[in-house]
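Scroll down for the structure; my scribbles are underneath it.
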Amino acid sequence: MEAHKPTNDGEKHMTTRISIVWLAGAVLISAMAGCPATPNAGMEEASGADMQSAAQAVPESAVMFPAINVLDFTASEAFYVEILGLKPTLRIGEEGSEHREVTLNSTGETSSPGASLVLNWVASREEPYVSDALSRIAFRVRDLDAVMARVRDAGHEVLVEPRTSEAAGIAFKIAFVADPGGTRVELIQVLLAGVE
């Protein structure tokens, strides 16, 4: 049977994304099994039991990444890197390409167990993307006041000023801001007992 070949840019992008996600998964499982971070390198050193144990350690399902579409790739990446402290782990496309993408997370490592955020940019798009109703991306932050200071210093829109709240017995500070493309970003700082 002949393998399916991508016929358009969308399919080519998705094929690339699937290959990269598979590679990242292989790196993560290798790391969990105590193998080198390069897939296939040193795999013979891991026993079948090690690989089985690593596979069982991966939850049945977990969020890997939400992907958001952006009109201004550079400004959007700067927001998530400079304001929220995320680090790039993977890039697809170069300046001048029809499609660019960057994957960001808190560690800068592809095999990081936490979720990542993907920013997508397509050259042909001119109309703003819609982020409405309760659509948002939420981030837990260590110091909400410091993040809010960076948001204001950079001139980004504050949608809801910081306030203290409680849910399920957990106290937290929460605020909402907009990224350069208008996506709502929820910022949450969990407060320790007896703090503030």
**Prompt:** Are there any pairs, at least 6 apart or on different chains, whose C-beta atoms fall under 6 Å, with the first in region 129-158 and in contact (Cβ under 8 Å) with a residue 24 or more places away in the chain and over 15 Å from V81 (Cβ atoms) and the second of a type in the set (F, W, Y) and surrounded by 12 or more Cβ atoms within 10 Å (Cβ to Cβ), and if so, which?
**Reply:** none
**Asked** So is R125 in contact with a Gly (Cβ under 8 Å, 6 or more places away or on another chain) and either loosely packed, with under 14 Cβ neighbours inside 10 Å or assigned to a strand (DSSP E or B) (or both) or not?
**Response** no
**Request:** Hey, can you tell me all the residues within region 139-196 that are touching a His at 6+ places or on another chain (Cβ under 8 Å) and either surrounded by fewer than 17 Cβ atoms within 10 Å (Cβ to Cβ) or among the aliphatic types (A, V, I, L, M) (or both)?
**Result:** V177, A178
**Fill in**
Selection over region 159-170 where residues are without any contact (Cβ under 8 Å) to a residue 24 or more places away in the chain, under 15 Å from L192 (Cα atoms) and in a strand (DSSP E or B) yields a count of 4
**Message:** Kindly evaluate P180 against the criterion of being in contact with a Ser or Thr (Cβ under 7 Å, 6 or more places away or on another chain), at negative phi and not in a strand (DSSP E or B).
**Reply:** yes
**Message:** One residue is enough: does region 82-103 have a residue meeting the conditions touching a Pro at 6+ places or on another chain (Cβ under 7 Å) and surrounded by fewer than 16 Cβ atoms within 10 Å (Cβ to Cβ)?
**Reply:** no
**Fill in**
Selection over region 82-121 where residues are free of Cβ contacts under 8 Å to residues at least 24 places away in the same chain, under 24 Å from M148 (Cα atoms) and not in a strand (DSSP E or B) yields a count of 5
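Here, each number is a calculation from the coordinates, and none is a lab measurement. What you see is a predicted model, and the numbers here were worked out from it, not measured in a lab. With ideal geometry, Cβ positions are generated from the backbone for all residues, glycine too; neighbour counts draw on all protein chains shown.
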